[in-house]
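Following: one structure in structure tokens, then a few remarks.
The values are calculated or read from the model by the stated rules, or taken from the named source; none is laboratory data. What you see is a predicted model, and the numbers here were worked out from it, not measured in a lab. Neighbour counts run over all protein chains shown; Cβ positions are idealised from the backbone, glycine included.
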Amino acid sequence: MTSKIRWGILSTAKINEALIFAMRSAPRSELVAVASRTPEAAQAYAAQNAIPIAYGSYEELLADPNIDVIYNPLPNKLHAEWTVKAAQAGKHVLLEKPLVTTMSDFDAIAAAAQAHNVVVFEAFMALHAPQNRKVAALIQQGRIGKLHLINSWFSYYLPPENVGNIRLHPDLDGGAFWDVGVYPNSLSITVTGGRAPQQVWAVRDVGETGVDVGMSAQLRFDGGAVAQIYAGFRAPSVHGAQFIGTDGMIRIQEPWFPGMRNRTTHGDPTTIQITNRDGSEENIVVPATNAWQMEVEAMEACLLDGAPPVVPLSLSREFLRSALAVYESARTGKPVDLT
């Protein structure tokens, strides 16, 4: 491998704009190619975004020996198939969240990564953000004492008539929880030590296409902490998280895209608000960072420095165990025990 890692993008998804900016901003990355399902679409996208090489099929991109890493933002249902194929072609993969939606698909990716000695990790930009890593460290260091309660939410309005949106498509594993519920789910697991909850209880609202358009869940963790999380497509755009312990409370107003009101900037500073048990308050200002660039640089560190992923597959497995339990509880109307 050269002193830079060479990227190829699998598809022309909207989220690519954030990663294109991040790859071009990261010091040891180079964006080389993009692939689409037709040559015309790939060439038009490459010209629009000044990407040197355009491939008219995903297979052509995977066969390029000059590509080190694939960014895979395909619809959820296609994550496992094309990540396994990328691994078999010797490519490392940054895979958009959610990594997968079934445990069998997770096992297939993990096996392929091990067999072909490649790095695969989930593109949870929020978990790469210094703000959220700082919050997790504060909680694990006991800054607010024993953690009792996490409240977190992520919703936006997706009109019911927008039935063509892949997020509303049941055959592509759409749904509010897979789309935005995975953010509070993953953050709750991360700050409580990286293990799935012991018990999950959830209720859902099902929309016109049969996918969940609202999901409320309660996760009970080893040690007693409880997370109450909400994800939805039928509410205003609201983001937030708070963490309540015996000695205080931490609040963050921008947990999912910290300082990133625009995908193609270097971001703005963010603030972690702490309320102490005596009522005094403290604000910790986190310098501006682009969290998408942080995940690109995390891949650089893995491949060029031998560093471990910030979000290893072992952690993504815990996220998936919890998410599957949320869906099972919502389906059955009963709590799910994960012990």
**Item:** Subset of the stretch 72-90 [crowded, with 24+ Cβ neighbours inside 10 Å and over 20 Å from residue 319 (Cα atoms)]
**Value:** 86, 87
**Asked** Do the conditions hold for residue 99, that is, is it buried (at least 23 other Cβ atoms within 10 Å of the Cβ), under 29 Å from residue 167 (Cβ atoms) and touching a residue at least 40 places away in the same chain (Cβ under 8 Å)?
**Response** yes
**Prompt:** Is one or more of the residues making up the stretch 141-158 buried (at least 17 other Cβ atoms within 10 Å of the Cβ), closer than 19 Å to residue 197 by Cα, touching an Asp or Glu at 6+ places or on another chain (Cβ under 9 Å) and of a type in the set (A, V, I, L, M)?
**Reply:** no
**Item:** Selection status of residue 196, over 27 Å from residue 293 (Cβ atoms), in the same structural domain as residue 268 (by TED's automatic domain parsing) and either in contact with a helix residue (DSSP H, G or I) (Cβ under 9 Å, 6 or more places away or on another chain) or touching a residue at least 24 places away in the same chain (Cβ under 8 Å) (or both)
**Value:** yes
**Asked** Is it the case that residue 189 is touching a residue at least 24 places away in the same chain (Cβ under 8 Å), in contact with a Ser or Thr (Cβ under 8 Å, 6 or more places away or on another chain) and not in a strand (DSSP E or B)?
**Response** yes
**Complete:** Restricting attention to the stretch 314-337, the residues that are surrounded by fewer than 17 Cβ atoms within 10 Å (Cβ to Cβ), of a type in the set (Gly, Ala, Ser) and part of a helix (DSSP H, G or I) number exactly 1
**Request:** Scan (1) closer than 15 Å to residue 188 by Cα; (2) hydrophobic (A, V, I, L, M, F, W, C); (3) modelled with pLDDT under 95 for the single condition residue 260 breaks and write down its number.
**Result:** (1)
**Fill in**
Those strands (runs of 3 or more DSSP E) completely within the stretch 216-312 that have 2 or more residues that are without any contact (Cβ under 8 Å) to a residue 60 or more places away in the chain, assigned by TED's automatic domain parsing to the domain that holds residue 176 and among the β-branched types (Val, Ile, Thr) are 270-276
**Item:** Complete set of residues in the stretch 215-229 that are crowded, with 21+ Cβ neighbours inside 10 Å and under 25 Å from residue 172 (Cα atoms)
**Value:** 215, 217, 229
